[in-house]
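Everything on this sheet refers to the single structure shown next.
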Amino acid sequence: MSTLLEEINKRRTFAIISHPDAGKTTLTEKLLLYGGAIHLAGSIKSRKTQRHAVSDWMEIEKQRGISVTSSVLQFDYNGFKINILDTPGHQDFSEDTYRTLMAVDSAVMIIDAAKGVEAQTKKLFKVCRERRIPIFTFVNKLDRYGKAPLDLMDEIEKVLGIPTYPMNFPIGIDGKYLGVFDRQKNQVELFAEDTSHGQLERNSEIFAADSPEMIDRIGQETYDALQDDLMLLDEAGEDFDKAKVDAGDLTPTFFGSAMTNFGVQNFLEEYLKLAPPPAPRVSSDGIIEPDDDKFSAFVFKIQANMNPAHRDRLAFIRICSGKFERNMNVWHAQEDKSIKLSQPQQFLAQDRQIIDEAYPGDIVGLFDPGIFGIGDTLTDSAHKFKFEDFPIFPPEKFARVQAKDTMKRKQFTKGIEQLTQEGAIQLFNQVGAGTESYIVGTVGTLQFEVLQYRLKSEYSVDVILTMQPFEVARWLKFEDGKPVTPTSLRGADRGMFVTDRNGQPVLIVENEWSLGWIRENNPNLILNPVPFED
Ligand code: G4P
């Protein structure tokens, strides 16, 4: 029997962040291959059919089986239990992505060697940096022509503001690298031809740094060039500093090719040595250490209809402390109620399974009869507290949504309610507009396409979407406590007066300028970019 602390120290929970097409799916799959969770790579990828749909997310959604396995995966490697959380690739999913990044202890950033640092990578990186979690870099696609390794390191430092520490360094010339120099082990790994198109683990041979046989194989010229690069790294490069890595101020960098399994294993092993086990979390009762024997967890994602055969809804929790046991009773902080956690599910490489126990760092899917919200805390009833709230992102895009067929009102409302609870959209009612339509607010426009797609595929409802010319929402309150109504607010007709799901009044306007007018003309009005707490 292992102790709680031993179980915690085995866990590594991370997300892969990258711009679409940098190789996240491919690398994830190769990690599963090396973890022995799958035996032939290509199974996840080959199901990813036409790539030209609205987004990767939709494609994945179309293939429900993949969505289940890719939102969170657990596999074993060398005694470690690894949890990989999927982050949606599209920029519009900043909110969803943000929540996922709240649940990890480190991040792996993939950079396409030919493209360098791309837009989406920058955004995701920023979130990781704010959380001050360690960030590991995997420079991918080294099997084909790309930017020079030193230039890429320079680009990462300049664009993202984080210095790199190359853990390994490619040997050979651009597009035809022969292997890598491992700076930790001071040895050379030369790769054999990839004859399986990356489906199987790649053979390689290890040599001492000055092995004559290795020099003979790669040629004196290549060897000399490598020595020059290594000298440059030693003299001009950063020193390795674990404290800086832990604080997210230095990124250990690996060069490789996920597709051809070049440097993948080396990356996995070094990553596991350096990446942190589950970290303590801030709560209303101070810092909660993972080895606190009282159970605690928070909900970071809710997803419905993952399996169209069962209309189930899952709440994903990240365990923060103590041991999770099936059928345990816990206290649900937001509802102030005790609940029993039955049928918990965990996600192994290919499918989901009912589990009996789980530990800090693990992600568990709970059947959710509609009681959970994003950010909710679950704790042992003997130690009640709440974890820090998740940030709320003010909506910036608005549309009126109604069902094409009024006979489908019921399904339409159900679908809209569901997506609101998942946190994909924010729902408003226009005051005085009746109940035929809703005003939906989102952070990005893609969510509207997702909304349309999911209402159709999961609830068989076609909707009419009318975009509204507004970009700013403010929750409203008068200082003297008088109710804010379309008539008590001066200039309510300059925007759209709506109420949120809890009945709080909200004004949606075109821009900051309109907001300025409202502020000036309603001197005792309090305007909030997010709902008021009470
Ligand atoms: P993503 O999840 O980050 O969006 O990227 P994904 O893994 O789907 O990879 C995007 C494309 O890049 C895929 O090609 C994939 O095969 C390719 N790729 C990934 N890693 C490497 C690598 O190390 N080297 C090279 N040369 N290519 C790589 P595709 O043509 O879009 O798909 P497919 O036809 O290969 O399935």
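Structure notes:
- Options I317, I363, I425; residue that is open to solvent by less than 20 Å² (accessible area, probe 1.4 Å), aliphatic (A, V, I, L, M), closer than 22 Å to R501 by Cβ and touching a residue at least 24 places away in the same chain (Cβ under 8 Å): I425
- Among the residues of region 240-260, the ones that are under 22 Å from the mean Cα position of the chain (by Cα), away from the ligand (no atom under 16 Å from the Cβ) and not acidic (D, E) come to 6 in all.
- Counted residues, region 127-144 - those being over 14 Å from T260 (Cβ atoms) and aromatic (F, W, Y): 1
- Considered as a group, the residues in region 107-137 that are assigned to a loop (DSSP other than H, G, I, E, B) and more than 12 Å from the ligand (Cβ to nearest atom) include one that is most open to solvent (accessible area, probe 1.4 Å), and that residue is R132.
- Looking across region 397-432 at every residue that is of a type in the set (G, A, S) and under 31 Å from the mean Cα position of the chain (by Cα), the one that is nearest to Q468 (Cα to Cα) is identified as A399.
- Test set (1) surrounded by 19 or more Cβ atoms within 10 Å (Cβ to Cβ); (2) away from the ligand (no atom under 16 Å from the Cβ) - V282 fails condition number: (1)
- Inter-residue pairs, beta-carbon under 8 Å, first at positive phi and in region 330-346, second open to solvent by less than 50 Å² (accessible area, probe 1.4 Å), 6+ apart: Q343/L366
- Criterion applied to Q227, Q265 was being within 16 Å of the ligand (Cβ to nearest atom) and on the phi < 0 side of the Ramachandran plot, and the one residue passing it is Q265.
- Taking first residues from region 16-43 that are among the β-branched types (V, I, T) and open to solvent by 10 Å² or more (accessible area, probe 1.4 Å) and partners that are part of a loop (DSSP other than H, G, I, E, B) and modelled with pLDDT of 85 or more, the Cβ contacts under 7 Å between residues at least 6 apart in sequence or on separate chains come to T26/A258; T26/M259.
- Just one of the listed residues (L507, L476, L451) is buried (at least 17 other Cβ atoms within 10 Å of the Cβ), closer than 21 Å to G434 by Cβ and modelled with pLDDT of 95 or more, and it is L507.
- Selected residue (only one of H52, H90, H19 is at pLDDT 85 or above and within 16 Å of the ligand (Cβ to nearest atom)): H19
The values are calculated or read from the model by the stated rules, or taken from the named source; none is laboratory data. Worth saying up front: this structure is predicted, and the values here are computed from it rather than measured. Cβ coordinates were reconstructed from backbone atoms using ideal geometry, including for glycine residues, and neighbour counts include every protein chain displayed. Keep in mind that these areas ignore ligands, DNA and RNA; they rest on the heavy atoms of the full protein, side chains included. Shrake-Rupley method; radii C 1.70, N 1.55, O 1.52, S 1.80 Å.
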